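J.: Dropping the structure in here first, questions after.
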Amino acid sequence: MKSPVLETRRAVVIEVAKKYPGGQVCASARLSLELKRFKNQVYESGGVVPLSDEEVYVLESEQGTTRLPDYICAMYGGVFVRLPEVGDLDNVDMHQRSLRTSVKRGRVDQFLALALEDGEITAVEASEILALHAKHLAARHEEVTALIELHKSKRPARPLGGKD
């Protein structure tokens, strides 16, 4: 299984460019770049400046992926958590978030079981397990913050367990 968090910014940009709907031709057109220049920027060749974070964001936002923020957060030992859009929240959305969180936890557990079949966890397996675990934690945090946002009280705050 390939690690969900890529090892270098260059690898992130290459993956984003490869996976863009319609391929690199459409990605270059979306950024209003000539295809040859786009490829040089993606592969950091030809002495051109790599794609900017903003350009990568444009491509990723249309793919619905978060490879660049995942990479940056992993550099700092953290995980990227998308904040919920208040207008999109309802009970159906909460159920879908809960299912996504469960699936991510299942992937962690499944990979742990596979890694332990030979009685030990290699460094590569550990890296992949931790990357999957980070995805699970991010999904769970997103789920919890969305639930809080959906059910946030409009009344003034009072301490938990306190009396009016």
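The values are calculated or read from the model by the stated rules, or taken from the named source; none is laboratory data. Computed from a predicted model, the values in this text were never measured in an experiment. In this analysis, Cβ positions are derived from the backbone assuming ideal geometry, glycine residues included, and neighbour counts consider all displayed protein chains.
J.: Those residues that are hydrophobic (A, V, I, L, M, F, W, C) and within 21 Å of residue 80 (Cα to Cα), I need them from region 3-50; list them, please.
T.: Listed by number, the residues that qualify are 5, 6, 11, 12, 13, 14, 16, 17.
The rows are residues; the columns are (1) closer than 29 Å to residue 127 by Cα; (2) outside any helix (DSSP H, G or I); (3) more than 21 Å from the chain's Cα centre (by Cα).
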| position | (1), (2), (3) |
| --- | --- |
| 29 | no, no, yes |
| 33 | no, yes, yes |
| 36 | no, no, yes |
| 39 | no, no, yes |
| 45 | no, yes, yes |
| 56 | yes, no, no |
| 71 | yes, no, no |
| 74 | yes, no, no |
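J.: Among the candidates 68, 137, which residue alone is at pLDDT 90 or above and touching a helix residue (DSSP H, G or I) at 6+ places or on another chain (Cβ under 8 Å)?
T.: After applying the criteria, what remains is 68.
J.: I'd like to check something: does region 2-10 contain any residue that is at pLDDT 95 or above, among the polar types (S, T, N, Q) and not assigned by TED's automatic domain parsing to the domain that holds residue 134?
T.: There is no residue in region 2-10 that is at pLDDT 95 or above, among the polar types (S, T, N, Q) and not assigned by TED's automatic domain parsing to the domain that holds residue 134.
J.: Related question: Could you tell me which of the residues 92, 13, 81 is assigned to a helix (DSSP H, G or I) and either over 30 Å from residue 147 (Cα atoms) or in contact (Cβ under 8 Å) with a residue 60 or more places away in the chain (or both)?
T.: Just one listed residue meets the conditions, 13.
J.: Here is a list: 18, 104. Which entry is part of a helix (DSSP H, G or I) and modelled with pLDDT under 95?
T.: 18
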